[in-house]
Amino acid sequence: ACLLQASGSMSTKGWPWIMLHQLENGMKLQGSPSCLITSPRTMSSLKVLDLSHTAITSLPECATLVALEHLNLSHTHIMRLPECLWLLKELKHLDLSVTIALEDALNNCSKLHKLKVLNLFRSQYGIRHVDNLNLDSLKELVFLGITIYAEDVLQKLNMPRPLANSTHRLNLKNCAKMIYIKISDLNHMKHLEELYVESCYDLNTVVADAELTTSHLLFLTLSVLPSLESVVVAPMPHNFQYIRKLFISQCPKLLNITWVRRLRLLERLAISHCDEMLEIVEDDHASDEQDHGMVETSRNDTGQSDFPKLRLIVLTGLKKLRCICKPREFPCLETLRVEDCPNLRSIPLSFTHNYGKLKQICGSVDWWEKLQWENREEVACLDSKYFIPI
């Protein structure tokens with residue numbers, strides 16, 4: 001039976017929609033949804049088609065979808081776009097983000113001249129050669145998410161033209177020989193909100209400088225960067241000043257991320273599988289400020305306490321981690337989750353500091369029982385109120 005239905009009630013504008021039924025018992029839509037081509041009349045008036053988060057691998061030819069304005073294929077296993085996709089002349093929104101199997105868009109995107117949103121962020125399909133960055137024909141574009149595989153493509157994208165101005169999400173992947181990223185160099189991407197850097201094996205340094213602080217980055221991911229040794233964050237105002245979420249994984253040369261203290265608006269911090277990381281914040285002694293953006297006290301260079309907005313800390317697979325940081329104020333912290341960090345023997349919470357919004361501390365019973373405390377009353381209180389074994 002067909003798992004899709006047409007509905008006119010899903011839109012305030014009365015647009016015909018096709019949505020997936022809620023699938024019972026974990027059943028997924030797989031293969032090609034040929035049941036879409038069931039009613040030419042319905043297909044010709046369809047304006048919104050959302051197949052996101054399904055297991056489809058292909059779409060049938062879609063020449064009948066002449067009125068389609070919104071197509072969402074994000075988080076699917078689609079491998080190719082239909083050859084005739086360019087015939088969808090009314091298409092305004094095309095979401096292909098996190099399409100991990102998409103290998104070829106068949107040059108369709110540049111022919112969809114009414115596109116306002118094109119999202120190829122974290123897609124397997126990305127721009128590998130300068131000549132393939134041919135999206136300037138999209139005059140209506142206001143939102144671009146893109147995956148880039150070469151540094152020269154990045155340089156071309158970051159030129160003073162509308163394409164850079166419409167870039168909101170940028171994925172840098174497998175950029176060979178790129179050893180340095182300076183955030184101010186992305187100055188023409190004035191609306192860039194998310195930067196995801198992965199598998200750039202030569203990348204050594206990331207700099208959030210204080211030059212041309214037009215950056216409004218909200219989300220930063222650094223993943224599978226075996227050569228990354230240094231992240232430099234300048235004093236405020238700097239180009240990481242608006243970051244809300246920071247995810248770091250598989251960066252084996254990072255020993256600490258003390259520079260995180262300068263991210264005044266940070267709400268979520270997740271670090272995983274950084275094999276040589278010893279501390280999250282190095283408090284014991286000052287280091288070269290040029291390299292680490294560090295200060296000695298528990299207050300940052302603005303004179304305010306660290307981590308005023310931080311709500312979530314997740315630490316996973318940090319085999320050598322000994323310390324998160326010294327106890328300090330965590331006025332908004334709700335969740336601390338620690339998993340597979342066998343050498344972590346303390347957490348930075350104490351009666352003398354504010355953690356009034358804390359809801360849970362998650363970890364293994366074995367890890368919890370081996371934690372060392374200055375005050376036994378603290379462990380009894382935290383155990384009874386907040387500890388959740390995982």
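Hey, among the residues in segment 116-161 that are open to solvent by 20 Å² or more (accessible area, probe 1.4 Å), hydrophobic (A, V, I, L, M, F, W, C) and over 23 Å from the mean Cα position of the chain (by Cα), which one's modelled with the highest pLDDT?
M159
State the number of residues belonging to segment 191-223 that are surrounded by fewer than 22 Cβ atoms within 10 Å (Cβ to Cβ) and over 18 Å from the mean Cα position of the chain (by Cα).
Residues flagged as surrounded by fewer than 22 Cβ atoms within 10 Å (Cβ to Cβ) and over 18 Å from the mean Cα position of the chain (by Cα) within segment 191-223 amount to 11.
Which one of these is surrounded by 15 or more Cβ atoms within 10 Å (Cβ to Cβ), under 18 Å from E229 (Cα atoms) and at pLDDT 95 or above: M277, M294? Before you say what the answer is, go through the steps one by one.
On the way: M294 fails: at pLDDT 95 or above.
The match here is M277.
Looking at this structure, is I347 more than 19 Å from E276 (Cβ to Cβ), in a strand (DSSP E or B) and either open to solvent by less than 60 Å² (accessible area, probe 1.4 Å) or in contact with a Lys or Arg (Cβ under 9 Å, 6 or more places away or on another chain) (or both)? I'd like the intermediate steps shown before the answer.
Numbers: more than 19 Å from E276 (Cβ to Cβ): yes; in a strand (DSSP E or B): no; either open to solvent by less than 60 Å² (accessible area, probe 1.4 Å) or in contact with a Lys or Arg (Cβ under 9 Å, 6 or more places away or on another chain) (or both): yes.
No, not satisfied.
Restricting to segment 224-249, what's the tally of residues that are open to solvent by less than 10 Å² (accessible area, probe 1.4 Å) and either part of a strand (DSSP E or B) or in contact with a Cys (Cβ under 9 Å, 6 or more places away or on another chain) (or both)?
So the first thing to find is which residues in segment 224-249 are open to solvent by less than 10 Å² (accessible area, probe 1.4 Å), and the list is 225, 228, 231, 233, 238-240, 243, 246, 248.
Keeping just the survivors that are either part of a strand (DSSP E or B) or in contact with a Cys (Cβ under 9 Å, 6 or more places away or on another chain) (or both) gives 225, 228, 231, 233, 246, 248.
The qualifying residues number 6.
Filter segment 32-48 for residues that are out of contact with any Ser or Thr (no Cβ under 6 Å at 6 or more places or on another chain) and either within 20 Å of D104 (Cβ to Cβ) or modelled with pLDDT under 75 (or both) and give the result.
Passing the criteria: P33, S34, C35, L36, I37, T38, S39, R41, T42.
Can you spot a residue in segment 304-311 that is farther than 18 Å from W367 by Cβ and in contact with a helix residue (DSSP H, G or I) (Cβ under 8 Å, 6 or more places away or on another chain)? Steps first, please.
Narrowing segment 304-311 to residues farther than 18 Å from W367 by Cβ: 304-311.
With the extra rule that they be in contact with a helix residue (DSSP H, G or I) (Cβ under 8 Å, 6 or more places away or on another chain), the set shrinks to 306-307.
Among the residues of segment 304-311, at least one is farther than 18 Å from W367 by Cβ and in contact with a helix residue (DSSP H, G or I) (Cβ under 8 Å, 6 or more places away or on another chain), which makes the answer yes.
Scan segment 350-363 for residues that are within 18 Å of A270 (Cβ to Cβ), out of contact with any Asp or Glu (no Cβ under 7 Å at 6 or more places or on another chain) and open to solvent by 20 Å² or more (accessible area, probe 1.4 Å) and report the count.
Selection size over segment 350-363: 1.
Take segment 250-264 and flag every residue that is part of a loop (DSSP other than H, G, I, E, B) and open to solvent by less than 50 Å² (accessible area, probe 1.4 Å). Full working, then the answer.
So in segment 250-264, the residues part of a loop (DSSP other than H, G, I, E, B) come out as 250-257, 263-264.
Passing the criteria: C251, P252, L254, N256, I257, L263, R264.
Which residue out of L51, L68, L102, L73 is modelled with pLDDT of 90 or more, in contact with a Phe, Trp or Tyr (Cβ under 8 Å, 6 or more places away or on another chain) and surrounded by 13 or more Cβ atoms within 10 Å (Cβ to Cβ)?
Details: L51 fails: in contact with a Phe, Trp or Tyr (Cβ under 8 Å, 6 or more places away or on another chain); L68 fails: in contact with a Phe, Trp or Tyr (Cβ under 8 Å, 6 or more places away or on another chain); L73 fails: in contact with a Phe, Trp or Tyr (Cβ under 8 Å, 6 or more places away or on another chain).
That would be L102, the only listed residue that is modelled with pLDDT of 90 or more, in contact with a Phe, Trp or Tyr (Cβ under 8 Å, 6 or more places away or on another chain) and surrounded by 13 or more Cβ atoms within 10 Å (Cβ to Cβ).
Under the condition of being of a type in the set (G, A, S) and not in a strand (DSSP E or B), which residue from segment 123-160 is nearest to Y180 (Cα to Cα)? Let's see the steps before the verdict.
Kept after step one, since they are of a type in the set (G, A, S), are these residues of segment 123-160: 123, 126, 137, 145, 150.
The next check asks that each one be not in a strand (DSSP E or B); those that pass are 123, 126, 137, 150.
Values: S123: 23, G126: 21, S137: 31, A150: 13 Å.
Once the filter is applied, the top-ranked residue is A150.
Has segment 120-129 got any residue that is in contact with a helix residue (DSSP H, G or I) (Cβ under 7 Å, 6 or more places away or on another chain), of a type in the set (A, V, I, L, M, F, W, C) and farther than 20 Å from V231 by Cβ?
So far as segment 120-129 goes, yes, one or more of its residues are in contact with a helix residue (DSSP H, G or I) (Cβ under 7 Å, 6 or more places away or on another chain), of a type in the set (A, V, I, L, M, F, W, C) and farther than 20 Å from V231 by Cβ.
Of all residues in segment 161-185, which are within 18 Å of R122 (Cα to Cα), in a loop (DSSP other than H, G, I, E, B) and either touching a Pro at 6+ places or on another chain (Cβ under 6 Å) or touching a residue at least 40 places away in the same chain (Cβ under 8 Å) (or both)?
Within segment 161-185, no residue meets the criteria.
Could you please let me know if C325 is modelled with pLDDT of 80 or more, out of contact with any strand residue (DSSP E or B) (no Cβ under 6 Å at 6 or more places or on another chain) and not in a strand (DSSP E or B)? Spell out how you get there, then give the answer.
Details: modelled with pLDDT of 80 or more: yes; out of contact with any strand residue (DSSP E or B) (no Cβ under 6 Å at 6 or more places or on another chain): yes; not in a strand (DSSP E or B): yes.
It is true that C325 is modelled with pLDDT of 80 or more, out of contact with any strand residue (DSSP E or B) (no Cβ under 6 Å at 6 or more places or on another chain) and not in a strand (DSSP E or B).
What number of residues within segment 183-206 satisfy the criterion of being farther than 17 Å from I146 by Cβ and modelled with pLDDT of 95 or more?
Matching residues across segment 183-206 total 6.
Take S305 and tell me if it is within 27 Å of the chain's Cα centre (by Cα) and either modelled with pLDDT under 95 or among the charged types (D, E, K, R) (or both). Outline the logic, then answer.
Numbers: within 27 Å of the chain's Cα centre (by Cα): yes; either modelled with pLDDT under 95 or among the charged types (D, E, K, R) (or both): yes.
Considered against the rule, which asks whether it is within 27 Å of the chain's Cα centre (by Cα) and either modelled with pLDDT under 95 or among the charged types (D, E, K, R) (or both), S305 comes out as yes.
So which residues in segment 76-99 are farther than 28 Å from L220 by Cα and either open to solvent by less than 50 Å² (accessible area, probe 1.4 Å) or part of a loop (DSSP other than H, G, I, E, B) (or both)?
Of all residues in segment 76-99, those farther than 28 Å from L220 by Cα come to 80-91.
L81, P82, C84, L85, L88, K89, E90, L91 - these are the residues of segment 76-99 that are farther than 28 Å from L220 by Cα and either open to solvent by less than 50 Å² (accessible area, probe 1.4 Å) or part of a loop (DSSP other than H, G, I, E, B) (or both).
Name, by its number, the condition in (1) more than 14 Å from K173 (Cα to Cα); (2) part of a strand (DSSP E or B) that does not hold for V197.
It fails just one condition, (1).
The values are calculated or read from the model by the stated rules, or taken from the named source; none is laboratory data. Computed from a prediction, not measured in an experiment: that's the story for all the values here. Positions of Cβ are generated from backbone atoms using ideal geometry, with glycine treated the same way; all protein chains shown enter the neighbour counts. Keep in mind that these areas ignore ligands, DNA and RNA; they rest on the heavy atoms of the full protein, side chains included. Shrake-Rupley method; radii C 1.70, N 1.55, O 1.52, S 1.80 Å.
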